[in-house]
Every structure is written in structure tokens, then in C-alpha cells.
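The block underneath contains the structure these notes are about, expressed in C-alpha cells.
Just so it is clear, none of the values below were taken in a lab; they were calculated from the coordinates. Bear in mind the structure is a predicted one, so any value in this text is a computation, not a measurement. In this analysis, Cβ positions are derived from the backbone assuming ideal geometry, glycine residues included, and neighbour counts consider all displayed protein chains.
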Amino acid sequence: MYKKTSVLRIPFKQKLCSIEAVVFDLDGTLYPQKAVKKAMIRALFPRLIFLKKYSNYRCRVVGRDFGGAEAMKNDAITTLSNGNEKKAGKWEKWLRKRYYPALLKSISCITPRPGFMELIRDLHKKGIILAIVSDYGYVKERLSSLGFDPEMFSILLGTEDIGAMKPAARINSVIRSELGVKPSRTLLVGDRDDTDRTLADEGGMLFMGISDSQDKSVLDNTWYSWAALKEIFNEALIR
């Protein structure tokens, strides 16, 4: 028998206590991903084939660096239209007039995870540098719609705005440059293994994953329920 002294293993807790910056993913992290997916389906019904094709395209370009926002947009439109000029016009119009307005509208109907706003305020008061790194644009607008104060974050990075998708190496370069904190003293919190965790691993950052899975075997020393993650933050970084 041993005495359980913490929700964290001691070595990992010691690492967390030295953290100077926390980088948060946005979608699926600040709120459950399923909520916005349902809202997007309602907003874009009945032309859901466009949503399906665009979602599949984004899955295929995980980790790609297009070099710039315009190049990334052009690649999406060219790929989705198969180079057909008429179809390209339809895709450009759908993205501009339907998809992004629907994304912003859907976010406004979403409630953040309970206690997340308070956690952000507490970390900010403790002097922890905060950042948001999302694979989608309009980060400031989406944060505001969720009720967060964008001014509490030193970096608001929508990787679309620089023409790259997590875990492209250039994103880590931007994080290091703008944070001004050693990667070993930076924690990344996200909900995806292939993007967020890989970005943290390749950038030398600590990683903690947030999972909505009901399968307890998934929740280990890397992936946590929101309740457990919030407790860890309170124990290691706030108290």
C-alpha cells in the first residue's frame, strides 16, 4: 500500500510548478467539440456535402505549411473544385459567405467548460503568460463570443492566418518567438493527439490533454477529464 498524496505524479508536478506560460488550443479545449459541430450542422443545413468535403480536406492537410494564408485558401479552393473555375467560385463564396459566418454564429451559442473563465483569470493573476493557438482564424472574435477577455492572452494565433496547420514546425517557431519563454517552461493544453500533442512534443513543450471520453482507460497521465485537469491546475499552478 502507498499513500496517494496528489492527483499528479511528483516529478510531473515539479515540472508544472516551473511553468511560466500556458498555450491553449481553442476548439475542443475551451469547450466540448461536439457542441459546435451540432451548431454548424444546423447552420449549414441542407448543404452539408460542402461541410463534409471541407472537413475531409482539412483532415488531409494536417501538418501542412502552405507558406501564407492566401496560398492556403487557394489550395483548399483548387483542391475542392478539382481545378474547375466555376466550382472554384462556388467554393470561395461558400467559405466566405456561409462557412465562416456559421462558425462565428455557432460559437456565440456555445458555453465554455464550467470554471474555465475563472481558471484563465487565476492564471493571469499569478503572472502566467497565456496564449491561444487554434487551427482556425477569427481567434479574438471567437474568444469574445465565448465570454473570454482576449486581453488576458499574450498571443492569439489562428494558424490559418499564417497559412499553416498544426503541427507544422513554423507554428512552434512563432510560439517561441512571441512568448519569449523556454519550451521546457511552457505547457500546451489541447484535445488532439495528432495536432496538439505532436506540436508540443516537437516543440519541446510539456503537454496535457483534455478528453471528453467516458472510457477511463483513456484517461492516463497525459489525458484528463476537464474536472481532473482543473484540479491539477489549481494544485500545481494556482494555490
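Based on the Cβ-Cβ distance of Arg176 and Asp149, what FRET efficiency does E = 1/(1 + (r/R0)^6) give at R0 = 25 Å, to the nearest 0.05?
Values: r = 25 Å, r/R0 = 0.99.
With a Förster radius of 25 Å, E is 0.50.
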Show that you can apply the helix-only estimate: for the chain, add -39,500 (n - 2.57) for every DSSP H stretch of four or more residues, divide by all residues, and state [θ] at 222 nm to the nearest 500.
-13000 deg cm²/dmol
Roughly how many Å is it from the Cα centre of region 129-153 to that of region 157-185, as a whole number?
15 Å
Compactness ratio of region 36-107: Cα Rg over 2.2 N^0.38 Å, N = residue count?
1.10
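Stretched out fully, how many nm does the piece from Lys105 to Gln33 gain, at 0.36 nm a residue minus the Cα gap?
Computed gain between Lys105 and Gln33 is 24.4 nm.
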Could you work out the Rg to Rh ratio of region 105-195, with Rh taken as the Kirkwood radius (inverse of the mean 1/r over all Cα pairs)?
0.95
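To make sure I understand, if each residue's beta carbon is the centre and we count other beta carbons within 10 Å, what order do Ile155, Ile132 fall in, fewest to most? Write out the running numbers ahead of the final one.
Details: Ile155 17, Ile132 23.
The fewest-first ordering by Cβ neighbours comes to Ile155, Ile132.
Which helices pass in the chain if a helix is a full DSSP H run, must span at least 15 angstrom along its long axis by Cα, and must have mean Kyte-Doolittle hydropathy not below -1.0? All intermediate terms of the calculation are to be shown ahead of the outcome.
Details: long enough: 33-44 (17 Å, 0.01); 48-60 (18 Å, -0.48); 69-81 (18 Å, -0.08); 169-179 (16 Å, 0.11).
Span-like helices in the chain: 33-44, 48-60, 69-81, 169-179.
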How large is the charge dipole for the chain, taken about the Cα centre, if only the Cβ atoms of Lys, Arg (+1) and Asp, Glu (-1) carry charge, to the nearest 20 debye?
720 debye
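Among Val61, Val133, Val139, which comes first, second and so on when ranked by fewest other beta-carbon atoms within 10 Å?
Working: Val61 16, Val133 24, Val139 21.
In order of increasing Cβ crowding within 10 Å: Val61, Val139, Val133.
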Along each principal axis of its Cα atoms, how long is region 141-239 end to end? Whole angstroms, biggest number first, please.
37, 30, 25
Rg (Å, one decimal) plus Dmax (Å, integer) for the alpha carbons of the chain?
18.7, 70
If you plug each phi of region 151-157 into the Karplus form 6.51 cos²θ - 1.76 cosθ + 1.60 with θ = phi - 60°, what whole-Hz ³J(HN,Hα) values come out, in order, with x for Gly and Pro?
5, 7, 9, 6, 10, 10, 10
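Filter the cross-link list Lys34/Lys125; Lys87/Lys140; Lys15/Lys105; Lys38/Lys97; Lys105/Lys126; Lys105/Lys125 down to pairs whose alpha-carbon distance in this structure exceeds 29 Å. Could you put the intermediate results ahead of the total?
On the way: Lys34/Lys125 31 Å; Lys87/Lys140 31 Å; Lys15/Lys105 39 Å; Lys38/Lys97 19 Å; Lys105/Lys126 33 Å; Lys105/Lys125 31 Å.
Exceeds cut-off: Lys34/Lys125; Lys87/Lys140; Lys15/Lys105; Lys105/Lys126; Lys105/Lys125.
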Output ³J(HN,Hα) for region 183-200: one whole-Hz value per residue in order, computed from phi by the Karplus curve 6.51 cos²θ - 1.76 cosθ + 1.60 with θ = phi - 60°, and x for Gly and Pro.
x, 5, 10, 10, 10, 10, 10, x, 10, 10, 6, 6, 10, 5, 5, 5, 4, 5
The set of residues whose placed amide H lies less than 5 Å from the amide H of Ile210, leaving out same-chain residues fewer than 5 positions away, is Gly190, Asp191, Tyr224
